[in-house]
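This report refers to the structure that appears directly beneath it.
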Amino acid sequence: MAWKRMRLLAILAILPALVAGPALATASLSCSIEDANLSFSLEALSNREFGTIVGVTEGEITLKAKQVLKMGPVLKLERGHIAQHWTYERELRIGINVENDEGSLFLWVIAQADKTGERYSGRYAMRVSVSGSDSREFKGRIKGCSAEG
């Protein structure tokens, strides 16, 4: 009887280690752009180990250029809109793709980290294709990005 009890206790002791998956180090990622073409904000969780976005807590793009307002003035962002993202050494790259009945938008954020690796500065490029018209491209500077954690 004591043998069965000891075996049960041993199994219960190692069970949490067997059930738990690998721990992923996450960081919060924040980016913003504010200029005559658009307002952009993104708050997301990023996997530090692989450099990918694992969740978007909040994000939106507000289009300001008259030529592309038909797509919708405010576009809410979700995890599914993140087409590409990575951080490698000092580089940060984010690709955001939004499509709706009125057209499609792709926003690239290209940034470099400062010496601390927590603040990023750089530029953006955006292509917007609205139904019934040619695609338009916009470029500018990002307001800033930061990663913590």
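Some points to look at:
- Flag for I142 being over 14 Å from the mean Cα position of the chain (by Cα), buried (at least 16 other Cβ atoms within 10 Å of the Cβ), aliphatic (A, V, I, L, M) and under 22 Å from V54 (Cβ atoms): yes
Okay, residues lined up against (1) under 17 Å from K139 (Cβ atoms); (2) part of a strand (DSSP E or B); (3) free of Cβ contacts under 8 Å to residues at least 60 places away in the same chain:
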residue	(1), (2), (3)
S28	no, yes, no
E43	no, yes, yes
S46	no, yes, no
T57	no, yes, yes
Q67	yes, no, no
I96	yes, yes, yes
V109	yes, yes, no
G122	yes, yes, yes
M126	yes, yes, no
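- Flag if G132 is part of a loop (DSSP other than H, G, I, E, B) and either modelled with pLDDT of 90 or more or more than 19 Å from the chain's Cα centre (by Cα) (or both): yes
- Residue within the range 53-76 that is under 14 Å from C145 (Cα atoms) and exposed (fewer than 15 other Cβ atoms within 10 Å of the Cβ) present: no
The values are calculated or read from the model by the stated rules, or taken from the named source; none is laboratory data. Since we're looking at a predicted model, the values are computed, not measured. All Cβ positions, even for glycine, are placed from backbone atoms using ideal geometry, and neighbour counts span all protein chains on display.
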